[in-house]
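The values are calculated or read from the model by the stated rules, or taken from the named source; none is laboratory data. Fair warning: this is a prediction, and the values are worked out from it, not measured in the lab. Glycine gets a Cβ as well: all are built from the backbone with ideal geometry, and neighbour counts include every protein chain shown.
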Amino acid sequence: MKASLTCIFVLFSAMLILFASPVFAQQGAPTFSDVDKIFQTRCYKCHSGARPAAGVHLDSYAGIMAGSKDVKVVVKGDPGKSELVKRIKGTSKPRMPKDGPPWLSESDVTLIEKWIAGGAPE
């Protein structure tokens with residue numbers, strides 16, 4: 001009986017390692033496609049197309065990384081220095097989105113911060 005329980009425990013542990021590891025790996029840093037959903041619903045209205053507000057394109061990864069002529073929108077690895085975070089939190093004016101409130105939810109802000117802190121992967 002003791003040998004059976006040990007065998008079951010070993011098999012269960014092995015299965016947990018094999019199947020849980022990929023799930024935990026997927027919970028790493030968000031990618032652009034994760035944050036782009038937020039940009040599409042809250043930012044594209046003003047920050048897309050041929051003449052985006054302040055010259056800031058939030059409708060593509062390349063556009064975000066290019067920033068504007070005056071400011072770097074995203075500083076990879078440092079959300080606190082990223083103008084995007086400053087604007088959506090209201091520590092830099094004007095607060096975005098400009099048609100708020102409502103402002104971005106805390107979970108949306110956190111997701112964007114995690115994306116930038118993780119190196120803003122595409």
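Points worth noting:
- Matching residues, the range 103-122, being closer than 14 Å to ILE64 by Cβ and either modelled with pLDDT under 95 or of a type outside the set (D, E, K, R) (or both): ILE112, TRP115, ILE116, GLY119, ALA120, PRO121
- Subset of the range 57-94 [surrounded by 14 or more Cβ atoms within 10 Å (Cβ to Cβ), hydroxyl-bearing (Ser, Thr, Tyr) and over 20 Å from ALA29 (Cβ atoms)]: SER68, SER92
- Summed over the range 68-102, residues that are closer than 20 Å to ASP34 by Cβ and either modelled with pLDDT under 95 or touching a strand residue (DSSP E or B) at 6+ places or on another chain (Cβ under 8 Å) (or both) total 0.
- The C-beta contact set for the range 35-55 (first residue part of a loop (DSSP other than H, G, I, E, B), second residue surrounded by 15 or more Cβ atoms within 10 Å (Cβ to Cβ), distance under 6 angstrom, 6+ apart or interchain) comprises CYS43/LEU58; TYR44/ASP59; CYS46/ALA53; HIS47/ALA53; HIS47/VAL56; HIS47/LEU58; SER48/ASP59.
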